[in-house]
1. Looking only at segment 93-140, which residues are more than 16 Å from the ligand (Cβ to nearest atom) and β-branched (Val, Ile, Thr)?
2. Is it true that some residue in segment 77-89 is of a type in the set (S, T, N, Q), within 14 Å of the ligand (Cβ to nearest atom), surrounded by fewer than 22 Cβ atoms within 10 Å (Cβ to Cβ) and at pLDDT 95 or above?
3. Taking the stated definitions as given, is LEU63 in contact with a Phe, Trp or Tyr (Cβ under 9 Å, 6 or more places away or on another chain), assigned to a helix (DSSP H, G or I) and not basic (Lys, Arg)?
4. One residue is enough: does segment 6-28 have a residue meeting the conditions of a type in the set (Gly, Ala, Ser), in a loop (DSSP other than H, G, I, E, B) and surrounded by fewer than 20 Cβ atoms within 10 Å (Cβ to Cβ)?
5. Yes or no: segment 59-72 includes at least one residue that is near the ligand (Cβ under 9 Å from one of its atoms), at pLDDT 95 or above, among the aliphatic types (A, V, I, L, M) and surrounded by fewer than 12 Cβ atoms within 10 Å (Cβ to Cβ).
6. Which number in (1) among the basic types (Lys, Arg); (2) in contact (Cβ under 8 Å) with a residue 12 or more places away in the chain; (3) over 21 Å from ALA14 (Cα atoms) marks the one condition that ARG57 misses?
Amino acid sequence: MAVERTLSIIKPDATRRNLTGKINAKFEAAGLRVVAQKRLQMTCEQAEKFYAVHEARPFYGELCAYMSSEPVVVQVLEGENAIAKNREVMGATNPANAAPGTIRKEFALSVQENSVHGSDSAENAKIEIDFFFKPEEIVG
Ligand code: CMP
């Protein structure tokens, strides 16, 4: 298995409830290393650009308003098979369908306020990491 990097976002519903440490503990317990991390508040334009792939979805406007409403923590996670492993640790998008022990099962409030985002493919991981981080900000 290859060592990969993936982009993670701890979303406004989780930063608001001071859950950054608890969520990072889940990543670390699964063998994922936080090799870059910063807290920021996205502008509406940034959120629209980041989620452009969902532009046609009925929830796009609400999603971008929510993601720019309060601070987020953007991170690069590194580890064996990190993209799939992170998705496993996060759980299903809709917390109602998330497996026990996953971040979304334990912390998410709704399908929109679902506490975390994670890249869904190697191609998107690279695009999403480049969206938030310069190469020298990532130290493995
Ligand atoms: P994320 O993994 O960040 O990818 C897209 C986001 O859109 C998703 O998590 C949710 O926050 C949001 N989302 C997905 N489906 C819905 C939906 N049916 N209604 C509202 N928000 C959604």
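The values are calculated or read from the model by the stated rules, or taken from the named source; none is laboratory data. Since the structure is predicted, the reported quantities are computational estimates derived from the model, not experimental observations. Because the Cβ atoms are built from the backbone with ideal geometry, glycine has one as well, and the counts that use them run over all protein chains shown.
1. Answer for segment 93-140, where residues must be more than 16 Å from the ligand (Cβ to nearest atom) and β-branched (Val, Ile, Thr): ILE138, VAL139.
2. Initially, segment 77-89 is screened for residues of a type in the set (S, T, N, Q), giving 81, 86.
With the extra rule that they be within 14 Å of the ligand (Cβ to nearest atom), the set shrinks to 86.
Restricting the remaining residues to those that are surrounded by fewer than 22 Cβ atoms within 10 Å (Cβ to Cβ) gives none.
No, segment 77-89 contains no residue that is of a type in the set (S, T, N, Q), within 14 Å of the ligand (Cβ to nearest atom), surrounded by fewer than 22 Cβ atoms within 10 Å (Cβ to Cβ) and at pLDDT 95 or above.
3. On the way: in contact with a Phe, Trp or Tyr (Cβ under 9 Å, 6 or more places away or on another chain): yes; assigned to a helix (DSSP H, G or I): yes; not basic (Lys, Arg): yes.
Considered against the rule, which asks whether it is in contact with a Phe, Trp or Tyr (Cβ under 9 Å, 6 or more places away or on another chain), assigned to a helix (DSSP H, G or I) and not basic (Lys, Arg), LEU63 comes out as yes.
4. As a first pass, look at segment 6-28 and keep what is of a type in the set (Gly, Ala, Ser): 8, 14, 21, 25.
Keeping just the survivors that are in a loop (DSSP other than H, G, I, E, B) gives none.
Looking for residues that are of a type in the set (Gly, Ala, Ser), in a loop (DSSP other than H, G, I, E, B) and surrounded by fewer than 20 Cβ atoms within 10 Å (Cβ to Cβ), one finds none in segment 6-28, hence no.
5. Residues of segment 59-72 that are near the ligand (Cβ under 9 Å from one of its atoms), as a first pass: 59-60, 62-63, 66-67.
Now narrow it down to the ones that are at pLDDT 95 or above: 59-60, 62-63, 66-67.
The next check asks that each one be among the aliphatic types (A, V, I, L, M); those that pass are 63, 67.
Applying the additional criterion that residues be surrounded by fewer than 12 Cβ atoms within 10 Å (Cβ to Cβ) yields none.
No, that holds for no residue.
6. (2) is the only condition that ARG57 fails.
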